[in-house]
Amino acid sequence: MAVFSKVLTMLRGNLREIGQSIVDGNASTIYEQEIVEATAHVAAAKNDLTAVMAKEMQAGREIERLRAELQKYEDLAVQALQKDEAGLAEEVATRVADLELALAEQEEARAQYAAHVARLKDMIRNAEATLREHERQLAMAKTTESVYKATATISQNMGASGSKLMSAKESLERIRQRHQDLADRMQAAETLEGEFGSKALDNKLAQAGIGERASRKAEVIARLQARARPSTPDRS
């Protein structure tokens, strides 16, 4: 029996841990739903407040009616007394007394409605201010959670792709080395062409002052020297 009790205790503990895990994993969703439900309650309270305000206005209109009727019957009682109609005046006085009682009840009711309306308005204003604060906190919590998730994803991806980044760097180095090899080969080919190809012979002839290039060079120098000499005046 003791073992069975311990098993039940363990199961309750597991259920509590599972429930706590679910709550923690969905904290933002739960928080947002609580705000939604609280907003709905505030909206319902506003609807109830309009009903109480309507009762207050109705009581106000009834007070105005009773005051007018009370004034009317007081005037009638005075007229009855002026005509020595004591019995009639007494009946009118009874009517006036009933109207005064009804008026007092309506004034008390309106005062209670007014106090209730003022209290409800304060409660609704406070509730709305609290809701706005919770909405701001929810927005910040969502943003913070998104940043944490993005940071975790980036960290995981960078950790998982570390070897890939190293491999990509090695591939880039191989490409650069291949390009350098090609450039070196082209430069070497040009050097060999200058030493052993047809250009080599042309270069040697030019250095010896032989060939078209040398003659053209000599002609250019002679022409430039002639232009550089000062011209002599004609003495004839």
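May I ask you to verify whether residue 127 is closer than 30 Å to residue 40 by Cβ, surrounded by 10 or more Cβ atoms within 10 Å (Cβ to Cβ) and modelled with pLDDT of 85 or more?
yes
Can you pull out every residue in segment 122-136 that is within 15 Å of the chain's Cα centre (by Cα) and either in contact (Cβ under 8 Å) with a residue 12 or more places away in the chain or farther than 23 Å from residue 34 by Cα (or both)?
134, 135
Just one of the numbered conditions (1) assigned to a helix (DSSP H, G or I); (2) surrounded by fewer than 15 Cβ atoms within 10 Å (Cβ to Cβ); (3) over 26 Å from the mean Cα position of the chain (by Cα) is not true of residue 84; which one?
Among (1) assigned to a helix (DSSP H, G or I); (2) surrounded by fewer than 15 Cβ atoms within 10 Å (Cβ to Cβ); (3) over 26 Å from the mean Cα position of the chain (by Cα), the lone unmet condition for residue 84 is (1).
Looking at segment 41-58, which of its residues are modelled with pLDDT under 90 and of a type in the set (Asp, Glu)?
Residue satisfying the conditions is 48 alone.
Quick check, is residue 102 in contact (Cβ under 8 Å) with a residue 24 or more places away in the chain, among the hydrophobic types (A, V, I, L, M, F, W, C) and under 26 Å from residue 44 (Cβ atoms)?
Answer is no for this residue.
Answer with yes or no whether residue 132 is buried (at least 16 other Cβ atoms within 10 Å of the Cβ) and either in contact with a strand residue (DSSP E or B) (Cβ under 9 Å, 6 or more places away or on another chain) or assigned to a helix (DSSP H, G or I) (or both).
No: the conditions fail for residue 132.
Has segment 90-111 got any residue that is modelled with pLDDT of 90 or more, assigned to a helix (DSSP H, G or I), over 43 Å from the mean Cα position of the chain (by Cα) and within 30 Å of residue 130 (Cβ to Cβ)?
Checked against the condition, which is being modelled with pLDDT of 90 or more, assigned to a helix (DSSP H, G or I), over 43 Å from the mean Cα position of the chain (by Cα) and within 30 Å of residue 130 (Cβ to Cβ), segment 90-111 yields at least one hit.
The values are calculated or read from the model by the stated rules, or taken from the named source; none is laboratory data. The model shown is predicted, which means the values in this text are computed figures rather than measured ones. Using ideal geometry, Cβ is built from the backbone for each residue, glycine included, and neighbour counts are taken over all protein chains shown.
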